Amino acid sequence: MYRSVIDAIGNTPLIRLKRASEETGCEILGKAEFMNPGQSVKDRAGLFIIRDAEEKGLLRPGGVIVEGTAGNTGIGLTVVAKALGYRTVIVIPDTQSQEKKDALRVLGAELIEVPAVPYKNPNNYVKVSGRLAEQLARTEPNGAIWANQFDNIANRDGHTRTTAREIWEQTGGKVDGFVSAVGTGGTLAGVAIGLKDRKSGVKIALADPLGAALYSFYTEGVLKAEGSSITEGIGQGRITANLESFSPDFSFQVPDEEALPIVFDLVQEEGLCLGGSTGINIAGAIRLARELGPGHTIVTILADYGTRYQSKLFNPEFLRTKNLPVPEWMDATPQIPV
Ligand code: PMP
């Protein structure tokens, strides 16, 4: 029995991805992070950031946790905050899916939508959340903290201490590679540290969407972004504190045209309904499998549940506005007479 929802965070299963494994001759395994109570990998960050603040004496009962987030971290923080008696104030760019905003409101987060502007703009959601936290720390009776997921390494540590250990135990140490996209870098760098500690030869790969700058940084040494992606929660333009002193063994740049068909096939053929970042992750795992050759075991992250993107990724009209391929089944009308 779990004492609270918090005990249900982590210890997610590893699911063999059938088509990706068969196509490459490798075992490609997905860590089912969509099975966390907040339905994403970010529940872990939420939990470790809050626990770290508690241990440092920064959070008082009834205190406020402020964060700028594409949504999933806000959901993870709010699930944990509610269970522990804190409030959350969440700043989200207005471009993020309606479903994530709705989930945040249902969970009881106090939601502030801001226009999506680049990080260097002082009105970027991350910077707005930092300023708001400072203000609320002065005005709220029980104080406030800034979760600061990008530069708070409690995020990365959570993955080193849980995700990496779980992957190691679940594969019995038979893991040759790990691949993931980056939002904050907590998952990729945190798992990399935990796996390399146990087996230095394990290969770590970055899968970067278009519009992110890390691929060019790790291949040419310059932060340079080109193109765009409809994926949410990933696509970093700077070296966050979570990425400091990290460098991948391989870097792949994955266009949406390669990633999205993987997501669509997974629903239809394997019953796995997942978000767009998971498509980037699995495309990266397939590319790493091709680099390493058959017979290897490669783990990646099934980052969040697909119903979170019904109005975008799983909406043919939306895909057409972005000139992205629409799978046939998405347009089909049911043929069963009633
Ligand atoms: N996928 C999704 C759907 C996410 O919300 C996030 C986090 N923003 C990530 C991947 C990336 O995780 P991380 O922040 O640990 O790099």
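The values are calculated or read from the model by the stated rules, or taken from the named source; none is laboratory data. Computed from a prediction, not measured in an experiment: that's the story for all the values here. Every residue, glycine as well, gets a Cβ built from its backbone with ideal geometry; the counts of neighbours run over all protein chains shown.
Annotations
Rundown of residues vs (1) of a type in the set (Phe, Trp, Tyr); (2) under 19 Å from the mean Cα position of the chain (by Cα); (3) outside the structural domain of Phe314 (by the TED database); (4) not in a helix (DSSP H, G or I), yes/no style:
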site: Gly74; (1), (2), (3), (4): no, yes, yes, no
site: Thr78; (1), (2), (3), (4): no, yes, yes, no
site: Ile92; (1), (2), (3), (4): no, yes, yes, yes
site: Leu111; (1), (2), (3), (4): no, no, yes, yes
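- Pair list, Cβ < 6 Å and 6+ apart or interchain, from the range 57-73 residues that are farther than 18 Å from Pro115 by Cβ to residues that are basic (Lys, Arg) and away from the ligand (no atom under 16 Å from the Cβ): Val64/Arg87
- Considering the range 171-191, the residues that are farther than 17 Å from Asn72 by Cβ and in a strand (DSSP E or B) include one that is nearest to the chain's Cα centre (by Cα), namely Val179.
- Checking Val106, Val79 one by one, the residue that is buried (at least 24 other Cβ atoms within 10 Å of the Cβ) and either away from the ligand (no atom under 13 Å from the Cβ) or in contact (Cβ under 8 Å) with a residue 40 or more places away in the chain (or both) is Val79 and no other.
- Residues satisfying the stated conditions in the range 274-314, i.e. of a type in the set (D, E, K, R), under 22 Å from Pro325 (Cα atoms) and part of a helix (DSSP H, G or I): Arg287, Arg308
- Number of residues in the range 147-191 that are within 14 Å of the ligand (Cβ to nearest atom), farther than 28 Å from Val89 by Cβ and aliphatic (A, V, I, L, M) equals 3.
- Matching residues, the range 192-208, being in contact with a strand residue (DSSP E or B) (Cβ under 8 Å, 6 or more places away or on another chain) and either within 11 Å of the ligand (Cβ to nearest atom) or over 22 Å from Gly76 (Cβ atoms) (or both): Leu195, Lys196, Val202, Lys203, Ile204, Ala205, Leu206, Ala207, Asp208
- Screening Tyr119 with (1) assigned to a helix (DSSP H, G or I); (2) under 28 Å from Leu313 (Cα atoms) gives one miss only, at (1).
- Contacts under 6 angstrom Cβ, first residue in the range 150-170 being farther than 18 Å from Lys56 by Cβ and in a loop (DSSP other than H, G, I, E, B), partner within 14 Å of the ligand (Cβ to nearest atom) and β-branched (Val, Ile, Thr), 6 or more apart: Phe150/Thr184; Phe150/Thr240
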